[in-house]
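What follows is a single structure, written as structure tokens, with notes after it.
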Amino acid sequence: MTMSTTDNLQPVPARRKKRLPTEVNIFLVFLGIAALFEIAGWIVVGQSFLFNLHRLQIIILQVAVIGIIAVGVTLVIITGGIDLSSGSVVAMSAMIAATFAQSSLWPKVFYPGLTDLPFFVPLGVGLLIGALTGLVNGLLISLTKIPPFIATLGMMVASRGVANWFTEGSPVSGFTDGFAWLGNGLGRWAPVAIFLVVALLFHLVMRYTRFGKFTYAIGANLPAARASGINIERHLIKIYVIAGLLAGLAAMVAIARIKTAQAGMGMMYELDAIAAAVIGGVSLSGGRGRILGTVIGALILGVMMSGFTFLRVDAYYQDIIKGTIIVLAVIVDQFRQSRRVKKKG
């Protein structure tokens with residue numbers, strides 16, 4: 001019995017459409033937003049938004065501080081956690097470290113015996129304060145099983161209280177030239193350089209090291225990660241210590257740039273950092289996201305806020321728009337998640 005030629009034909013699998021990486025799509029969105037503000041600038045204000053070096057420098061410097069925090073927040077979110085304390089940690093680290101950065105020539109010195117210290121002393125104090133708060137967050141989450149939202153919310157309130165208590169609400173100024181370099185060195189581009197080094201470092205860590213693989217595994221499937229032998233508790237402690245450390249570093253860069261520390265600084269920084277990560281494609285469900293996306297997300301946020309200010313949009317409208325953007329980014333992420341689940345099913 002002969003078989004027809006049609007019996008030997010095998011179904012040809014459908015070609016999958018090649019999709020652009022998420023980061024490329026986000027970058028295209030960034031370019032589109034920048035172009036819209038450029039057009040609106042000529043229509044509304046009669047000036048260029050993009051082709052103003054002073055404005056661009058301000059945007060990039062603002063993005064640098066939020067971006068440093070956002071890198072740490074990205075690691076936390078990839079594990080399926082959240083960190084609401086980073087803004088308050090910035091304030092606490094800034095207030096304590098600033099008293100170690102004062103010059104003896106300044107008329108209002110808080111601790112006369114701690115003046116004219118080498119720049120690495122206040123820098124080390126700021127990093128240590130940030131790391132310790134991250135350690136407390138990590139211990140609370142890992143050992144007591146408190147949800148990250150509650151643990152970091154408590155740290156947010158406590159850190160803000162310490163920031164106000166430490167100098168009784170008085171600002172701290174008069175830093176040494178060595179410490180001020182962190183915010184004004186390299187032709188005022190030192191904060192940007194620090195941010196880029198931090199972003200590149202953790203991009204490589206997350207992509208090419210076992211630490212990065214463990215981080216993604218915990219966020220993607222916690223029981224499977226535990227079954228594979230990953231020490232979940234120890235790894236989460238490391239993640240929150242890094243997030244706190246980077247918040248402390250952001251505080252040092254911020255006060256060195258503006259040359260003063262105030263207890264009220266860092267307000268809403270945690271939400272800006274979370275927004276940068278989410279806009280950059282980091283999933284709040286955990287297990288997905290890249291540092292590069294967070295960097296682009298921070299740029300989008302910085303351009304939008306600066307653009308609205310340039311167009312003279314009131315500050316409270318800017319907050320409404322920012323909140324709307326965060327919600328839309330989460331909705332898009334949930335839509336992507338549901339599509340992945342359907343394809344797997």
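Overview of results
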{"read-out": "Most mobile of Ile230, Ile296, Ile218 in a GNM of the chain (Cα contacts under 10 Å)", "value": "Ile230"}
{"read-out": "Relative intensity, log₁₀ I(q)/I(0), of region 205-305 from a Debye sum that treats every alpha carbon as a point, q = 0.10, 0.13 Å⁻¹", "value": "-0.35, -0.58"}
{"read-out": "Residue-normalised accessible area of the chain, given per residue in Å² at a 1.4 Å probe", "value": "51 Å²"}
{"read-out": "Per-residue [θ]222 nm for the chain (sum of -39500 (n - 2.57) over DSSP H runs n ≥ 4, rounded to 500)", "value": "-23500 deg cm²/dmol"}
{"read-out": "Phi-based couplings in Hz for region 271-288 (Karplus 6.51, -1.76, 1.60; Gly and Pro marked x)", "value": "6, 5, 5, 5, 4, 4, 5, 5, 4, x, x, 7, 7, 5, 7, x, x, 9"}
{"read-out": "The chain: angle of helix 291-310 to the longest principal axis, Cα-based, in degrees nearest 10", "value": "60 degrees"}
{"read-out": "Phi-based couplings in Hz for region 25-37 (Karplus 6.51, -1.76, 1.60; Gly and Pro marked x)", "value": "4, 5, 5, 5, 4, 4, 5, x, 5, 4, 5, 4, 5"}
{"read-out": "With every protein chain in place, the chain: carbon and sulfur % of accessible area (1.4 Å)", "value": "68 percent"}
{"read-out": "Karplus-derived HN-Hα couplings along region 221-230 (A = 6.51, B = -1.76, C = 1.60, θ = phi - 60°), whole Hz, x at Gly and Pro", "value": "7, 4, x, 5, 5, 5, 5, 7, x, 6"}
{"read-out": "Helix 190-208 axis, angle to the chain major axis (alpha carbon atoms, nearest 10°)", "value": "40 degrees"}
{"read-out": "Stokes-Einstein D for region 91-193, Kirkwood Rh over Cα pairs, 25 °C, 0.890 mPa s (µm²/s)", "value": "163 µm²/s"}
{"read-out": "Top positive-direction residue, dipole computed over the chain with Cβ charges, set Val172, Met206, Tyr240", "value": "Met206"}
{"read-out": "Gyration tensor verdict on region 152-225 (Cα atoms; rounded if a/c is under 1.5, prolate if a/b is larger than b/c, oblate otherwise)", "value": "oblate"}
{"read-out": "Candidate residues Phe149, Phe179: accessible-area rank, largest first, probe 1.4 Å", "value": "Phe149, Phe179"}
{"read-out": "Within a Gaussian network of the chain (alpha carbon springs, distance under 10 Å), most fluctuating of Leu31, Leu292, Leu196", "value": "Leu31"}
{"read-out": "Mean Cα-pair separation over length for region 134-253, i.e. relative contact order, pairs under 8 Å, 6 or more apart, %", "value": "43 percent"}
{"read-out": "Relative contact order of the chain, pairs being alpha-carbon contacts under 8 Å that are 6 or more residues apart, as %", "value": "30 percent"}
{"read-out": "Relative contact order of region 68-191, defined on C-alpha pairs under 8 angstrom at six or more residues apart (%)", "value": "35 percent"}
{"read-out": "GNM top mover of Arg312, Arg160, Arg288 - the chain, alpha-carbon springs below 10 Å", "value": "Arg312"}
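The values are calculated or read from the model by the stated rules, or taken from the named source; none is laboratory data. Remember, predicted model here, so these are calculated numbers, not experimental data. Every residue, glycine among them, receives a Cβ derived from its backbone with ideal geometry; neighbour counts consider all protein chains shown. Accessible surface areas use protein heavy atoms only, side chains included; no ligands, DNA or RNA. Shrake-Rupley method; radii C 1.70, N 1.55, O 1.52, S 1.80 Å.
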